[in-house]
Amino acid sequence: MTQDNGCCVSVCQCFFDYATPQILVIRSRKVGAVNRLIQAIIVAYVIGYVCVLKRGYQDTDSVISSVTTKVKGIALTNTSDLGLRIWDVADYVIPPQGGEVLQRPGSPKNQAEESSFFVLTNLIITTNQTQSHCPEVPTPSSMCSSDRDCVPGFKDVRGNGVRTGKCVNYTATNMTCEVMAWCPLEVDGEPPIPPMLADAENFTVLIKNSIRYPKFNFNKRNILPYINNTYLKQCIFNSTTDPDCPIFTLKYIVSAANEDFQVMAVHGGVMGIQIVWNCDLDMPASWCTPKYTFRRLDNKDPDNTVAPGYNFRFAKYYKIADDVETRTLIKGFGIRFDVMVFGKAGKFSIVPMLLNLGAGLALLGVVTVVCDLVVLTFMKKRNHYKAKKFSYVDDFALLSETAT
Amino acid sequence: MTQDNGCCVSVCQCFFDYATPQILVIRSRKVGAVNRLIQAIIVAYVIGYVCVLKRGYQDTDSVISSVTTKVKGIALTNTSDLGLRIWDVADYVIPPQGGEVLQRPGSPKNQAEESSFFVLTNLIITTNQTQSHCPEVPTPSSMCSSDRDCVPGFKDVRGNGVRTGKCVNYTATNMTCEVMAWCPLEVDGEPPIPPMLADAENFTVLIKNSIRYPKFNFNKRNILPYINNTYLKQCIFNSTTDPDCPIFTLKYIVSAANEDFQVMAVHGGVMGIQIVWNCDLDMPASWCTPKYTFRRLDNKDPDNTVAPGYNFRFAKYYKIADDVETRTLIKGFGIRFDVMVFGKAGKFSIVPMLLNLGAGLALLGVVTVVCDLVVLTFMKKRNHYKAKKFSYVDDFALLSETAT
Amino acid sequence: MTQDNGCCVSVCQCFFDYATPQILVIRSRKVGAVNRLIQAIIVAYVIGYVCVLKRGYQDTDSVISSVTTKVKGIALTNTSDLGLRIWDVADYVIPPQGGEVLQRPGSPKNQAEESSFFVLTNLIITTNQTQSHCPEVPTPSSMCSSDRDCVPGFKDVRGNGVRTGKCVNYTATNMTCEVMAWCPLEVDGEPPIPPMLADAENFTVLIKNSIRYPKFNFNKRNILPYINNTYLKQCIFNSTTDPDCPIFTLKYIVSAANEDFQVMAVHGGVMGIQIVWNCDLDMPASWCTPKYTFRRLDNKDPDNTVAPGYNFRFAKYYKIADDVETRTLIKGFGIRFDVMVFGKAGKFSIVPMLLNLGAGLALLGVVTVVCDLVVLTFMKKRNHYKAKKFSYVDDFALLSETAT
């Protein structure tokens, strides 16, 4: 039956050659059972893991989101500088803008878009600063005993101004170099405890979040359809009683991350508000709702007291009579809230289903490898099967035959 | 020719054993034609889909981008409070910074970097606020008939100040609790229609966008090389007549998203400006140009009138004589423009080409499966072929033989 | 031994059919050597590339990061308008907030989170602007010879105000249309050289960066555990001598990107500070340290002088006697620093190891293809092997036999 072993008889014949492997069929209860068992495992894996758990029959899309935030609340402070003073949203939300949209579709696993707002909780205030001359705050480099210690024009990178060259009294006992600066200088000590805007824990924030899954043309917002104006005017988020209310108290957010608001408010910090929109769009749209979680983002390392918290300086500028510019310098400590939106949606689609089924079924090829191992190693009749499965061309035998 | 079926004769021989499947070659016009047809389909798929459509021969990279924006324009308002007033860019762009760079390389499919700016379009202004006492705005909780209804020191989270404990006339007929607050209080009604800065529709924004594909060391910016200062000074983007001009009127942006600027300006909103840089770097660099599209990002749901639009409060602080701080409170409504840069570039590379070709050609393995199905099921000579392709070890037969 | 070629004798038997390919074993030193060589290459590839280089035995995670920044330094300017003036951080960092957190988990390859701050380096200042009338800056469209050239109420989109309809003297020789605007108008020329805040090169910035790999519950910050307050108070980053100090001088950042600070400071620009946290968490945690690199992000294209640099306008508002609002308009040029955090961590995990090993070993299937090619094409005994490997069903032969 073997033909001539050279090339095909004709090119035409060669073109129509069809090569298919020769197969040995073993009819045996044991082998067959092993075979079917392994097949069943693989089919179960494909259906269970790929189709049910991973939803391999769905096309997926990443969320595109837009966040705006609005803080409400009133705080009262009582200081020697300012007396009784009311702080409202225009005073303590810095910068005033209610949340910028920052999109971030991400890795195949999770996506986020982000927006942040800052609420002032504590401050060191220095009022009525003007451009003038005053003694530098005492540090090893600014202390002096005579004008010779003070180089005129020298700008200490950690100082507050340009040295005039004079050495003047800072207190009755301390002398420091005089600087040209915004005077009087800020006395940069520890922030007040309790924090000045301790009332901030009762502030509320309304988070408006619109999401979109562009591939499925699906839009939704976190103010769910059933929420009406009346509910929205009085509700406060609580993960058990009001899980759909988009209004949060700052204290709740911080507590949910296992932090103490009054402690955190002293030095400030960074909180993450995570909104997760994982939606199965084969289900009713009303099942697609946001889940809120809260986490502290900055490292509160108890062993590491270097530069803790979150603060920055800003100033309000005034012009009083005679065109002199004065300013109020504020070193503001506070909590920055970063709203992060994550989400992934899936919807039935024929192409990913075929791809995943195909990939899953390709695993059926593994069956033969495993079964062969079992059949040819552990079965009693293994030598019988081997004799049928394997043929041999033995060049060593030929050689020895030739040698004899 | 079959050897002893135990282990190899020697370890050496076993090491040099080479196992290759035995092949049955069927020389038949029909079978061969089916075989070659399926092969041709798979090769066409590999070339057509993988190479041409998906550009599988290219290495790809995600865009890294930097965006800056600059708004220009003048608006005129006429109100009883302020009289005639001119608004320029320093007045209506809040915060003033012209676009922050926000990078976001994303999922394998699309990437974006983002930057945003806010243009004030409407406002409720409350001038000359000072820290003092005044009656609260009437709400169910602030209305009172006598001092007993007003708890001193109570801070309503939705109110404007701290109650003093007095019940005073708000109007001739209404009495509300007196609060310590920034007085006079803002009357928080509906924003004016038409919007106060209706002129904002004629504002222009210059968007400067530098992109970079780091893997290919490719840089480009959206001010294309042929654009000179003269053109840039007078051009206005129009998708048909001036598709390369990086200067947009706000009205055009909003209109391109099928929105009405004057309607949107009343309550504010969020607009997306999408810049797409999809580049085939095997082509001349001048073919790599940005495409601009526009979309409204916040949900304008007609059924959902809860908390529409986009607004925030901010204040300008003044000190007048006697060192009293006053402020002008502005509830600003406006449009936030989010510039999002997406992009993906491809360039010929040998490694992804080989990988994709390999994966594509691996599909040729499917040919045998399909052909076997055809040959052994539908061909007239199927039994003849089967007899050649399959050998059998029949344990059932053996058993019955033994039984007899 | 071949059974009846129809269906199985019984469904039961058919169910237990196990099909395995028939194998030809060639025992030959040459063929075996080729076989083992190719196997060795593939195993070496799997171990070397997949396991060692790509760390295929590790599960990976993307960085989640939080960045805050704090700038320090003093600059002195001397202008005719303002006289000697000190600029501190509250004056030149705009907006004041020290870095927003912007997270971006990205493509499988690299991730970044970003935060930015802006330092003013140069400015054109226009003091004491009030809402009043003044002649427009001369441009082709604003020049006039009589009132007839000036349309009252016209707002030039590139102008500074609303025309009153009068044509007035701008200088002794030039006449321009009068506008209602913030007067006096800014004279928008080239920014001063050298830049006004040339001292900004000595400013320092402290970058605090907390990262987290959520999958491995691994937290770290760039202020490494060994850094104490004393070191932090005096250190300055230098890639060779102080690579772990989180305090950078602005000049160092710009120089490291091969730019000249004083040149860049004139028109402004955008700098990228890249922090890379690539960590092998199978190693001690102390090996996981950040690497800092610096790059200019905006396109400094020498051929393209259109709209270079980075600047924006902002104003400080004052109220002087008689309740008149005045403002100081500042066209600020400066450098925006974008802090981008990239990172990927890997840690041993059994699932990805098995997956990668499996995928690698699947390549062993290629061995047979290559060996067959060698054996059947180049070996002397190829016809001998072919005769053993291939069986033939030759329909052409059958046909011709029938024909004869």
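The values are calculated or read from the model by the stated rules, or taken from the named source; none is laboratory data. Because the structure is a prediction, the values reported are computed rather than measured. Every residue, glycine as well, gets a Cβ built from its backbone with ideal geometry; the counts of neighbours run over all protein chains shown. Note: accessible area is taken over every heavy atom of the protein model, side chains too, but ligands, DNA and RNA are not part of it. Shrake-Rupley method; radii C 1.70, N 1.55, O 1.52, S 1.80 Å.
Matching residues to (1) more than 13 Å from chain C (Cβ to nearest Cβ); (2) of a type outside the set (Gly, Ala, Ser); (3) closer than 24 Å to B:Leu373 by Cα:
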| position | (1), (2), (3) |
| --- | --- |
| A:Arg27 | no, yes, yes |
| A:Gly32 | no, no, yes |
| A:Ile38 | no, yes, yes |
| A:Val46 | yes, yes, yes |
| A:Lys54 | yes, yes, no |
| A:Tyr57 | yes, yes, no |
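Taking the conditions (1) among the hydrophobic types (A, V, I, L, M, F, W, C); (2) within 27 Å of B:Gln58 (Cα to Cα); (3) surrounded by fewer than 21 Cβ atoms within 10 Å (Cβ to Cβ) in turn, B:Cys279 satisfies each one other than (3). Restricting attention to the range B:156-165, which residues are surrounded by fewer than 18 Cβ atoms within 10 Å (Cβ to Cβ) and hydrophobic (A, V, I, L, M, F, W, C)? Listed by number, the list holds a single entry, B:Val157.
Kindly indicate whether any position in the range A:340-350 is over 30 Å from A:Asn222 (Cα atoms) and surrounded by fewer than 18 Cβ atoms within 10 Å (Cβ to Cβ). I'd like the intermediate steps shown before the answer.
Applying the first criterion (over 30 Å from A:Asn222 (Cα atoms)) to the range A:340-350 yields A:350.
Pick out the ones that are also surrounded by fewer than 18 Cβ atoms within 10 Å (Cβ to Cβ) and you get A:350.
Checking the range A:340-350: at least one residue is over 30 Å from A:Asn222 (Cα atoms) and surrounded by fewer than 18 Cβ atoms within 10 Å (Cβ to Cβ).
Exactly one residue out of B:Ile275, B:Ile247 is touching a Gly at 6+ places or on another chain (Cβ under 9 Å) and touching a residue at least 40 places away in the same chain (Cβ under 8 Å): that is B:Ile275.
Determine which member of the set C:Ser107, C:Ser142, C:Ser116, C:Ser80 is in contact with a Cys (Cβ under 9 Å, 6 or more places away or on another chain) and either modelled with pLDDT under 90 or within 19 Å of A:Gln131 (Cβ to Cβ) (or both). Let's see the steps before the verdict.
Working: C:Ser107 fails: in contact with a Cys (Cβ under 9 Å, 6 or more places away or on another chain); C:Ser116 fails: in contact with a Cys (Cβ under 9 Å, 6 or more places away or on another chain); C:Ser80 fails: in contact with a Cys (Cβ under 9 Å, 6 or more places away or on another chain).
The conditions single out C:Ser142.
If you go through the range C:361-373 and keep only what is more than 10 Å from chain B (Cβ to nearest Cβ) and more than 45 Å from the chain's Cα centre (by Cα), you end up with just C:Leu373.
Of the residues screened, C:Arg212 is not one that is outside any strand (DSSP E or B), open to solvent by 40 Å² or more (accessible area, probe 1.4 Å) and among the basic types (Lys, Arg).
Taking B:Val179, is it away from chain C (no Cβ under 14 Å), touching a Ser or Thr at 6+ places or on another chain (Cβ under 8 Å) and open to solvent by less than 40 Å² (accessible area, probe 1.4 Å)? Criteria met by B:Val179. Restricting attention to the range A:201-222, the residues being more than 7 Å from chain B (Cβ to nearest Cβ) and more than 15 Å from A:Lys70 (Cβ to Cβ) number 10.
Which of the following residues is in the same structural domain as B:Tyr310 (by TED's automatic domain parsing) and open to solvent by 50 Å² or more (accessible area, probe 1.4 Å): B:Val205, B:Val254, B:Val263?
Criteria check complete, one pass: B:Val263.
Listed here are the residues, each with its yes/no results for (1) without any contact (Cβ under 8 Å) to a residue 12 or more places away in the chain; (2) among the polar types (S, T, N, Q).
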| site | (1), (2) |
| --- | --- |
| B:Val151 | no, no |
| B:Gly161 | no, no |
| B:Thr173 | yes, yes |
| B:Pro195 | no, no |
| B:Asn202 | no, yes |
| B:Tyr213 | no, no |
| B:Phe218 | no, no |
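For A:Leu84, are the conditions met, namely being under 30 Å from A:Gly358 (Cα atoms) and free of Cβ contacts under 8 Å to residues at least 40 places away in the same chain? So A:Leu84 does not fit the description; no.
Filtering the range A:120-155 to residues that are open to solvent by 30 Å² or more (accessible area, probe 1.4 Å), within 14 Å of chain C (Cβ to nearest Cβ) and closer than 16 Å to A:Tyr170 by Cβ leaves A:Ser132, A:His133, A:Val137, A:Thr139, A:Pro140, A:Ser141.
For the range A:252-297, the tally of residues that are assigned to a helix (DSSP H, G or I) and either away from chain C (no Cβ under 14 Å) or among the charged types (D, E, K, R) (or both) stands at 14. In the condition set (1) modelled with pLDDT under 85; (2) farther than 30 Å from C:Val366 by Cβ; (3) among the small types (Gly, Ala, Ser); (4) assigned to a strand (DSSP E or B), B:Ser400 is compliant with all but (4). Residues that are farther than 24 Å from B:Val370 by Cα and open to solvent by less than 40 Å² (accessible area, probe 1.4 Å) within the range A:356-384 comprise A:Val374, A:Val375, A:Leu376, A:Met379, listed in sequence order. Sub-6 Å Cβ pairs linking a first residue in the range C:381-393 that is at the interface with another protein chain (Cβ under 7 Å from one of its Cβ atoms) to a second residue that is among the basic types (Lys, Arg), at least 6 apart or interchain, are C:Val393/B:Lys388, ordered by first then second residue. One residue stands out among those in the range B:218-244 that are assigned to a strand (DSSP E or B) and polar (S, T, N, Q): the one that is least open to solvent (accessible area, probe 1.4 Å), which is B:Asn238.
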